[in-house]
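In what follows, a structure is listed as structure tokens, so that the remarks can point back to it.
The values are calculated or read from the model by the stated rules, or taken from the named source; none is laboratory data. All values derive from a computational prediction rather than experimental measurement. Here the Cβ positions follow ideal geometry from the backbone for every residue, glycine too, while neighbour counts run over all protein chains shown. For accessibility, only protein heavy atoms count, side chains too; no ligands or nucleic acids. Shrake-Rupley method; radii C 1.70, N 1.55, O 1.52, S 1.80 Å.
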Amino acid sequence: AVRWYLRALETPNLDEEATLALQYDLGVAYQLAGDSRKALERYTDVYSQNIDFRDVAEKVRELQHKA
């Protein structure tokens, strides 16, 4: 799944909402794969652009407390 999300992020002319969704979903994929560091990086990227996107603030807090 990670590979496909990374490939999708390379799509030309993605709008901001699609990019945020892909970044968030990539974070979920990393988290499910057990890579909390990369998941947190993706969630933090999303959070820095839109703090109200889905439950990204909760995901960032959750992973920061585990670190």
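I'd like the residue in the stretch 40-61 that is of a type outside the set (A, V, I, L, M) and assigned to a loop (DSSP other than H, G, I, E, B) and, out of all such residues, is farthest from the chain's Cα centre (by Cα).
Applying the filter and picking the extreme gives ASP52.
Filter the stretch 17-33 for residues that are open to solvent by 60 Å² or more (accessible area, probe 1.4 Å) and of a type in the set (A, V, I, L, M, F, W, C); which is nearest to ARG61 (Cα to Cα)?
Across the stretch 17-33, the extreme among qualifying residues is LEU32.
For the stretch 8-19, state whether one or more residues are touching a Lys or Arg at 6+ places or on another chain (Cβ under 9 Å) and in a helix (DSSP H, G or I).
No, the stretch 8-19 has no match at all.
Here are some conditions: (1) open to solvent by 40 Å² or more (accessible area, probe 1.4 Å); (2) without any contact (Cβ under 8 Å) to a residue 24 or more places away in the chain; (3) under 11 Å from the mean Cα position of the chain (by Cα). LEU14 meets all but one. Which one does it not meet?
(3)
Answer with yes or no whether LEU26 is more than 8 Å from the chain's Cα centre (by Cα) and modelled with pLDDT of 95 or more.
Against the criterion (more than 8 Å from the chain's Cα centre (by Cα) and modelled with pLDDT of 95 or more), LEU26 does not qualify.
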